[in-house]
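Okay, structure first, notes after.
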Amino acid sequence: MAKLSAFGKDIVKRLIDLDKPQIWLIEEVRNKTGLYFDDSYLYKIKTGKLTTPKVVQAIREILDLPAED
């Protein structure tokens, strides 16, 4: 298993804080962006292999994570 990026760790921690499953986030991102999004796509985001700006922004908004500096 690849190591999580800092953003990936933030996603995991925030889902735990919100007591929400990963599938909830996947569905929220799909609804918000209209883009295809699944667990393997999320895994690539969490490990830093993909950084699709529209998806990353949607995740930040949904999870109320601050933008990167």
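Every number in this text was worked out from the coordinates using simple rules, so none of it is lab data. Small disclaimer: the values here were computed from a predicted structure and weren't measured. Note that we place each Cβ from the backbone using ideal geometry, even for glycine, and neighbour counts take in every protein chain shown.
Quick one: compute the contact order of the chain, relative version, from alpha carbon pairs under 8 angstrom and 6+ residues apart, as a percent. It would help to have the intermediate numbers written out before the result.
Numbers: 52 pairs, mean separation 26.2, N = 69.
It rounds to 38 percent for the chain.
If the chain between Ser40 and Lys54 were fully stretched, how many nm would it gain, using 0.36 nm times the residue separation less the Cα-Cα distance? Write down the numbers at each step before the final one.
Working: separation 14, 0.36 × 14 = 5.04 nm, distance 1.68 nm.
Difference between extended and current length: 3.4 nm.
Please state the shape class of segment 29-69: rounded when a/c is under 1.5, otherwise prolate if a/b exceeds b/c and oblate if not, all from the C-alpha gyration tensor. Numbers along the way, then the final one.
Values: a/c = 1.87, a/b = 1.13, b/c = 1.66.
Oblate is the answer for segment 29-69, as a/c is 1.5 or above yet b/c matches or exceeds a/b.
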(request) Just grab the label-to-label distance for Thr47 and Lys9, each label 7 Å out from Cα along the Cβ direction, in nm (one decimal). (result) 1.8
(message) Assuming a strict under-18 Å limit between Cα atoms, what lysine pair count do you get for the chain once near-sequence pairs (fewer than 8 apart, same chain) are dropped?
(response) 15
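First measure r as the distance between the Cβ atoms of Ala2 and Arg30, then evaluate 1/(1 + (r/R0)^6) with R0 = 22 Å and state the FRET efficiency to the nearest 0.05. Can you show the working numbers first?
Values: r = 23 Å, r/R0 = 1.05.
FRET efficiency, Ala2 to Arg30: 0.40.
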(message) Please give me the summed charge of the neighbours of Ser5: other residues whose Cβ is under 13 Å from its Cβ, Lys and Arg +1, Asp and Glu -1.
(response) +4
(request) State the three equivalent ellipsoid semi-axes of the chain, derived from the C-alpha gyration tensor as the square roots of 5 times its eigenvalues, in descending order and whole Å. (result) 15, 14, 13
